[in-house]
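These notes are about the structure you will find just below.
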Amino acid sequence: MEAHYTVHAAAEPQAIPRLLNYFAQQALIPSRLAAREDGFGLVMLSIVQPGIEQHNARIIAEKMRASVLVESVALDFVSSAVPELIPVPG
């Protein structure tokens with residue numbers, strides 16, 4: 001299971017480190033992080049965290065929402081099924 005976060009936050013230098021700290025507190029390192037400033041004082045972040053339980057992912061999302069720097073947080077869950085390798089005859 002992968003948790004996909006989409007976060008809109010204030011375009012402040014401390015916003016990204018503060019958001020990533022919520023993962024660090026649970027000894028997690030996101031597999032993907034993308035950030036883009038919109039030019040209107042907000043930054044949109046996309047964060048992907050594999051191997052996290054839904055309960056823990058929701059806790060992180062709630063902590064993010066409680067930050068004064070965060071405008072909105074969307075959380076989606078995606079199956080991270082790895083395709084099975086098929087042996088090549090030979």
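Things to note:
- Yes/no for VAL70 being touching a Leu at 6+ places or on another chain (Cβ under 8 Å), of a type in the set (A, V, I, L, M, F, W, C) and modelled with pLDDT of 95 or more: yes
- ALA9 falls short on exactly one of the conditions (1) open to solvent by less than 80 Å² (accessible area, probe 1.4 Å); (2) within 25 Å of SER79 (Cβ to Cβ); (3) touching a helix residue (DSSP H, G or I) at 6+ places or on another chain (Cβ under 9 Å), and that condition is (2).
- Qualifying residue in region 76-90 (condition: modelled with pLDDT of 95 or more and surrounded by 17 or more Cβ atoms within 10 Å (Cβ to Cβ)): no
- Extreme residue, nearest to LEU69 (Cα to Cα), among residues of region 12-26 that are hydrophobic (A, V, I, L, M, F, W, C) and surrounded by 14 or more Cβ atoms within 10 Å (Cβ to Cβ): ALA15
- Hits in region 27-67 (condition: over 21 Å from VAL78 (Cβ atoms), assigned to a loop (DSSP other than H, G, I, E, B) and either open to solvent by less than 80 Å² (accessible area, probe 1.4 Å) or in contact with a Lys or Arg (Cβ under 9 Å, 6 or more places away or on another chain) (or both)): ASP38, GLY39, GLY41, SER67
The values are calculated or read from the model by the stated rules, or taken from the named source; none is laboratory data. Only a predicted model underlies this, so the values are computations on that prediction, with no experimental measurement involved. Positions of Cβ are backbone-derived with ideal geometry, glycine not excepted, and every protein chain shown enters the neighbour counts. Accessible surface is based on the protein model in full, side chains and every heavy atom, while ligands, DNA and RNA are left aside. Shrake-Rupley method; radii C 1.70, N 1.55, O 1.52, S 1.80 Å.
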